[in-house]
Amino acid sequence: MSRNYINDTICVQGGYKPKVGEPRITPIVQSTTYKYEDPNHLADIFDLKEEGHMYSRISNPTISAFEEKIAQLEGGVGALATASGQAATLISILNICKSGEHIIASSNLYGGTHTLFSTTLKKMGIDVTFIDPNLSEKEILSYGRNNTKTLFAETISNPSLNVLDFEKFSNVAKKLEVPFIVDNTFPTPYLCNPFKYGANIVIHSATKYIDGHATSVGGVIVDGGNFNWDNGKFNELVDPDPSYHGISYIKEFKEQAYIVKARVQLLRDMGSSLSPFNSFLLNLGVETLHLRMEKHSENALKLAKYLESHPKVAWVNYPKLKGNINYELANKYLKKGCSGMLTFGIKGGKKKAIEFIEELELVSLVIHLGDARTSVLHPATTTHRQLSKAQLEESLVTEDMIRVSVGIEGIEDIVYDFERALEKI
Ligand SMILES: *Cc1c(COP(=O)(O)O)cnc(C)c1O
């Protein structure tokens, strides 16, 4: 590139550069396989000496274009698309952590991540300590062990909307000499780039705003290329990999060691690959990400202000509201906006919350979030249903909480629907 384009431009044009006579739009390469003539050339591709696609479980041109665009948007050295956000989270951890080892995670997490960590990772022999993100640097540090392998948190937590204190968390990770993994699903690379604030690995559920239209489940891992794996703690990236004819990832791939290993070892073995068709749709979504994230953020702030002034509303949580406990962190790390996610409580608790949701017309009840249409959800009876009362409290999910994913419709119509439903209850 002759110029370092800004993210607005990368959203539209990043990742795919057609040659003369090739399709202008990233084509859907619906092919599992690729043709070669020279067996030695193919052997070199298998040995990772030559670049090229061999099998669509490992890589595919449509998916590569999407990965390249997301890597550019985050300012990373490479990306790996996965079948879902959950697969991205799992691979991001398993790439550097195995049975008998330990990770530290913020307790303010997406419910699915919480169960993945507390149940499935535990079964795999990986111990997870959940910490209150409001603890001091020193307190978080005190949970570090010799076998701690990563620190994990969300930029804006789902659904508590806690804004991550990047400075504090990245200091802890540096002191523990472990990578800092950030789930950047809510802000997307348009509203926040965690690598600027000390993150080493970023993951996304691409299912949400990256898709933006609720068509496809997908995930992506981005490598910041900014962690020294050769510090004595991450032998799997340094020592020869017997499952890949003795390759040393850091010797062969330098700053891309982590993301190459995730692909050729874990995606190869676990097979949680994205489909080319879903990748095409996700890429199409990203082409308008910059416009959508601005509108989502603008509408959410307006709705938050409206709800704040309503007598039937007990509380409103949106980090960009003056007086919100996350206001300063939001202004520090999320200058362009805080996405369309807000939560609020209705006076009268769970009963009134459910009545309110039933009265909505334009706004629909869905599990999903982050698409163009405004939607609501009652977390305590749905996404966070499997959590115990103590775990609910840890995740800051109250019984009166309604989560709103504010869409990009006209804000007048969104407010009207809320107003009418509030009147009826
Ligand atoms: C939805 C979500 C995930 C999981 O992603 P899927 O694509 O549903 O597997 C992970 N993290 C956050 C913050 C999410 O909102």
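Where a number appears in this text, it was derived from the coordinates with a stated rule and is not lab data. In this text, all values refer to a predicted model and were calculated from it rather than measured experimentally. Glycine gets a Cβ as well: all are built from the backbone with ideal geometry, and neighbour counts include every protein chain shown.
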* In sequence order, what are the phi-derived ³J(HN,Hα) couplings for the range 67-83 according to the Karplus relation 6.51 cos²θ - 1.76 cosθ + 1.60 with θ = phi - 60°, rounded to whole Hz, with x for glycine and proline? -> 4, 5, 5, 5, 4, 5, 5, 7, x, x, 9, x, 9, 10, 7, 9, 5
* **Helix-only CD estimate at 222 nm, as mean residue ellipticity for the chain, using -39500 (n - 2.57) per DSSP H run (n ≥ 4)** => -9500 deg cm²/dmol
* **Ascending count of other beta-carbon atoms within 10 Å, so fewest first, for H245, H296, H213** => H245, H213, H296
* **Cross-link reach list, lysines versus K312, counting only Cα pairs under 21 Å and skipping chain neighbours closer than eight places** => K302, K322, K347, K350, K351, K352, K424
* Take every DSSP beta bridge with both residues inside the range 299-407 and express the antiparallel ones as a percent of the total, to the nearest 5. => 85
* **Loop GluC sites (Glu not before Pro), the range 31-99, which have at most 11 other Cβ atoms in a 10 Å radius of their Cβ (DSSP)** => E37, E51
* Largest first and in whole Å, give the semi-axes of the range 316-425's equivalent ellipsoid, each being the square root of 5 times a Cα gyration tensor eigenvalue. => 21, 20, 13
* At 7 Å along the Cα-to-beta-carbon direction for both K123 and K305, put a label point, then send me their distance in nm to one decimal. => 4.9
* In a GNM of the chain with a 10 Å cut-off on Cα contacts, which of T185, T32, T82 has the highest mean-square fluctuation? -> T32
* Can you pull out the chymotrypsin sites (Phe, Trp or Tyr not before Pro) in the range 135-203 that DSSP calls coil and that have at most 16 other Cβ atoms within 10 Å? -> Y143
* To do: List the trypsin sites (Lys or Arg not before Pro) within the range 7-59 that fall in a DSSP loop (any state other than H, G, I, E or B) and whose Cβ has at most 12 other Cβ atoms within 10 Å.
  => K19, R24, K35, K49
* For the chain, what ratio Rg/Rh do Cα atoms give with a Kirkwood hydrodynamic radius? -> 0.98
* Asked: For all pairs of alpha-carbon atoms in the range 87-126, what percent lies in each bin of width 5 Å, listed from the first bin to the last filled one?
  -> 6, 23, 39, 26, 7
* Tilt of helix 411-424 relative to the longest C-alpha principal axis of the chain, in degrees (0 to 90, nearest 10)? -> 50
* Structure fact -> Between the alpha carbon centres of the range 151-215 and the range 259-298 the gap in Å comes to 15
* To do: Pull up the DSSP beta bridges for the chain and report the antiparallel fraction as a percent, rounded to 5.
  => 60
* **Fewest-first sequence of S92, S273 by Cβ atoms within 10 Å of each Cβ** => S273, S92
* To do: First measure r as the distance between the Cβ atoms of Y36 and E287, then evaluate 1/(1 + (r/R0)^6) with R0 = 41 Å and state the FRET efficiency to the nearest 0.05.
  => 0.80
* L73: net charge of surrounding residues, Cβ under 12 Å, Lys/Arg +1, Asp/Glu -1, itself excluded? -> -4
* Principal axis dimensions, the range 153-200 - Cα atoms, whole angstrom, descending -> 28, 21, 13
* To do: Please name whichever of L387, F418, L369 sits farthest to the positive end of the charge dipole of the range 290-424, dipole taken about the Cα centre and charges placed at Cβ: Lys and Arg +1, Asp and Glu -1.
  => L387
* **Amide H contacts under 5 Å for E154, placed H, 5+ residues apart** => D183
* Asked: Given H placed 1.01 Å from N in the peptide plane, which residues other than close sequence neighbours of F130 have an amide H under 5 Å from its amide H?
  -> A105
* Asked: So what are the ³J(HN,Hα) numbers for the range 40-49, from phi and the Karplus equation (6.51, -1.76, 1.60; θ = phi - 60°), rounded to whole Hz, Gly and Pro as x?
  -> 5, 4, 5, 4, 5, 5, 4, 7, 6, 7
* Ranked list, fewest to most other Cβ atoms within 10 Å of each Cβ, for I25, I250 -> I25, I250
